[in-house]
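Notes follow the structure.
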Ligand code: 13P
Ligand code: SF4
C-alpha cells in the first residue's frame with residue numbers, strides 16, 4: 001500500500017468514527033470552537049462558500065487567493081481549513097511544519113476532479129513548447145505539472161506575466177480560460193474542465209428575473225459559461241463580487257455564483273437585495289455539494305481530535321509549491 005492509499009484509508013476510518021460520535025445538543029459549538037482555537041493556537045480559515053455558521057466563527061474568510069496568502073503567513077500551530085480539499089492542500093504545501101485539518105476530507109471539487117494528473121500529463125506532452133497555467137482548483141498532482149498557478153482574482157496578471165507570443169495551456173477550467181482569452185486576446189489552449197455549480201445557471205430564468213427586477217445588476221463569477229458572462233454587469237472572484245456590492249450604488253443584485261457568498265453580502269449591505277441566480281432546474285444546485293459537506297459539528301470534531309489531517313508526500317509538495325510561490329510573487333508585484 002502506498003503512502004496516499006494508507007492516508008486515505010486512515011482518514012476514511014476517521015470519518016466513520018466521527019459519524020459515530022453523538023454530540024451533546026446542549027453544547028455551545030460556537031463557544032467550544034473559540035475555546036479550542038485558543039487552547040491549540042489554531043487559526044480557522046473559511047471560504048465564502050461555507051455555511052453562514054462556519055463563516056461567523058472563522059478568523060479569516062476569503063477567496064482562494066486571500067486564503068492562500070493568509071495560510072502562508074500564519075504563525076498558528078494548526079490551520080483549520082473550512083473549505084474544500086485543494087484549498088487545505090495548498091495551505092499544507094505552503095506550511096509543511098504545521099498541522100492542517102479539514103472538517104470533511106471528502107469535500108472535493110468537480111473542477112479539480114475534471115483534470116486527473118495522468119491524463120493531463122499526456123496532454124501536456126503533446127505541446128512541449130507551451131507553458132502551463134493552472135487554476136488553483138486542481139490537485140497537487142496538477143500543480144506539480146504546472147509552471148504557475150492562478151486564482152480568479154489574479155488570473156489576468158498571471159497570464160499577462162508571459163509574453164504575448166508564449167503558447168499557454170490553461171487548466172482545468174475552460175470557462176475561466178475562455179473568458180481570459182477574450183479579455184486578453186490570447187489563444188490559450190484550454191483543458192475541458194468546468195465547475196458543476198457555475199455551469200448550472202439558466203440564461204432564460206436570469207433573463208426573466210431581469211425583466212421583473214429591471215434595476216438589478218447581474219454579477220457573475222468567471223467560472224460561469226460565456227452566455228451568462230456576456231450578460232453580466234460585473235465579473236469577479238468571490239472577493240471581487242463582494243467588494244463590488246459594497247462600493248456600487250445599485251440596490252439590487254442577481255448573484256451568479258455559489259450561494260454562500262450572499263451571507264457576507266447581506267451582512268455588509270443589509271439594506272440591499274441579493275437574489276441568487278436560478279439554476280436551470282428546480283434543485284438547489286447553486287449550493288456546492290462539496291463545500292457544504294463541512295458542518296459546524298464536523299468543524300468542532302476536527303478541531304477537538306485534530307483530524308482528518310492533510311498529509312503529503314514531500315517530493316510532490318515541493319514540486320507543487322514552485323508554481324504556487326510564483327503565483328504569490330506575481331500577485332505581490334501586481335498589488336493583489
Ligand atoms: P474564488 O474564491 O477564488 O473566487 O473561487 C471560487 C471557487 O469556486 C472556489 O472553489
Ligand atoms: Fe469546486 Fe465549483 Fe465547488 Fe468551487 S464551487 S469547490 S469550483 S465544485
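The values are calculated or read from the model by the stated rules, or taken from the named source; none is laboratory data. Please read all numbers here as calculations on a predicted model, not as lab measurements. Here Cβ is always computed from backbone atoms with ideal geometry, including for glycine, and neighbour counts include all displayed protein chains.
What's the total number of residues in segment 35-65 that are more than 16 Å from ligand 2 (Cβ to nearest atom), in a helix (DSSP H, G or I) and closer than 12 Å to residue 80 by Cβ?
Applying the first criterion (more than 16 Å from ligand 2 (Cβ to nearest atom)) to segment 35-65 yields 35-44, 52-53, 56-60.
Next, from what is left, pick out any that are in a helix (DSSP H, G or I): 35-39, 52-53, 56-57.
If we keep only those that are closer than 12 Å to residue 80 by Cβ too, we end up with 36-37, 57.
Looking only at that region, the number is 3.
Kindly list, by first and then second residue, each pair from a residue in segment 227-255 that is in contact (Cβ under 8 Å) with a residue 40 or more places away in the chain to a residue that is assigned to a helix (DSSP H, G or I) and exposed (fewer than 13 other Cβ atoms within 10 Å of the Cβ), limited to pairs with Cβ atoms under 8 Å and residues at least 6 apart or on different chains.
242/268
Just to verify a result, which residue in segment 100-131, among those that are free of Cβ contacts under 8 Å to residues at least 40 places away in the same chain and touching a strand residue (DSSP E or B) at 6+ places or on another chain (Cβ under 9 Å), is farthest from ligand 2 (Cβ to nearest atom)? Steps first, please.
Going through segment 100-131, the residues free of Cβ contacts under 8 Å to residues at least 40 places away in the same chain turn out to be 113, 116-119, 121-122, 125-126, 128-129, 131.
Now drop any that are not touching a strand residue (DSSP E or B) at 6+ places or on another chain (Cβ under 9 Å), which leaves 113, 131.
Numbers: 113: 8, 131: 23 Å.
It comes out as 131.
Give the residue that is nearest to residue 98 (Cα to Cα), with candidates limited to residues of segment 313-336 that are modelled with pLDDT under 95 and assigned to a loop (DSSP other than H, G, I, E, B).
This residue is 336.
Could you please give the count of residues in segment 196-251 that are in a loop (DSSP other than H, G, I, E, B), within 16 Å of ligand 2 (Cβ to nearest atom) and either closer than 18 Å to residue 156 by Cα or touching a strand residue (DSSP E or B) at 6+ places or on another chain (Cβ under 7 Å) (or both)? Please lay out each step first, then the result.
First pass over segment 196-251, keeping only residues in a loop (DSSP other than H, G, I, E, B): 196-200, 202, 213-216, 221-225, 232-233, 236-237, 248-251.
Going one step further and asking which of them are within 16 Å of ligand 2 (Cβ to nearest atom), we end up with 196-200, 221-225, 236-237.
Remaining after also requiring either closer than 18 Å to residue 156 by Cα or touching a strand residue (DSSP E or B) at 6+ places or on another chain (Cβ under 7 Å) (or both): 200, 221-225, 236-237.
Residues that pass the stated criteria total 8.
Return a yes/no flag: does segment 287-305 have any residue that is more than 16 Å from residue 82 (Cα to Cα), in a loop (DSSP other than H, G, I, E, B) and in contact (Cβ under 8 Å) with a residue 12 or more places away in the chain.
Applying the first criterion (more than 16 Å from residue 82 (Cα to Cα)) to segment 287-305 yields none.
Checked segment 287-305: no residue is more than 16 Å from residue 82 (Cα to Cα), in a loop (DSSP other than H, G, I, E, B) and in contact (Cβ under 8 Å) with a residue 12 or more places away in the chain.
Are there any pairs with C-beta distances below 8 angstrom linking a residue in segment 86-99 that is without any contact (Cβ under 8 Å) to a residue 60 or more places away in the chain to a residue that is part of a helix (DSSP H, G or I) and within 13 Å of ligand 2 (Cβ to nearest atom), with the two at least 6 apart or on different chains, and if so which?
The qualifying pairs are 86/112; 87/64; 87/67.
Determine whether residue 281 is within 16 Å of ligand 2 (Cβ to nearest atom), part of a loop (DSSP other than H, G, I, E, B) and under 30 Å from residue 105 (Cβ atoms).
Numbers: within 16 Å of ligand 2 (Cβ to nearest atom): no; part of a loop (DSSP other than H, G, I, E, B): yes; under 30 Å from residue 105 (Cβ atoms): yes.
When the stated conditions are applied, residue 281 does not pass them.
Every residue in segment 260-273 that is assigned to a loop (DSSP other than H, G, I, E, B) and surrounded by 19 or more Cβ atoms within 10 Å (Cβ to Cβ), please. If you could, list the steps in order and put the result at the bottom.
We begin by selecting, within segment 260-273, every residue assigned to a loop (DSSP other than H, G, I, E, B); these are 260, 269-272.
Passing the criteria: only 260.
Quick one: which strands (runs of 3 or more DSSP E) sit completely within segment 83-166 and have at least 1 residues that are more than 19 Å from residue 69 (Cβ to Cβ), more than 15 Å from ligand 1 (Cβ to nearest atom) and modelled with pLDDT of 95 or more? Let's see the steps before the verdict.
Working: elements: 99-101, 131-135, 148-150.
Because the criterion is at least 1 residues that are more than 19 Å from residue 69 (Cβ to Cβ), more than 15 Å from ligand 1 (Cβ to nearest atom) and modelled with pLDDT of 95 or more, the strands (runs of 3 or more DSSP E) in segment 83-166 that meet it are 99-101, 131-135.
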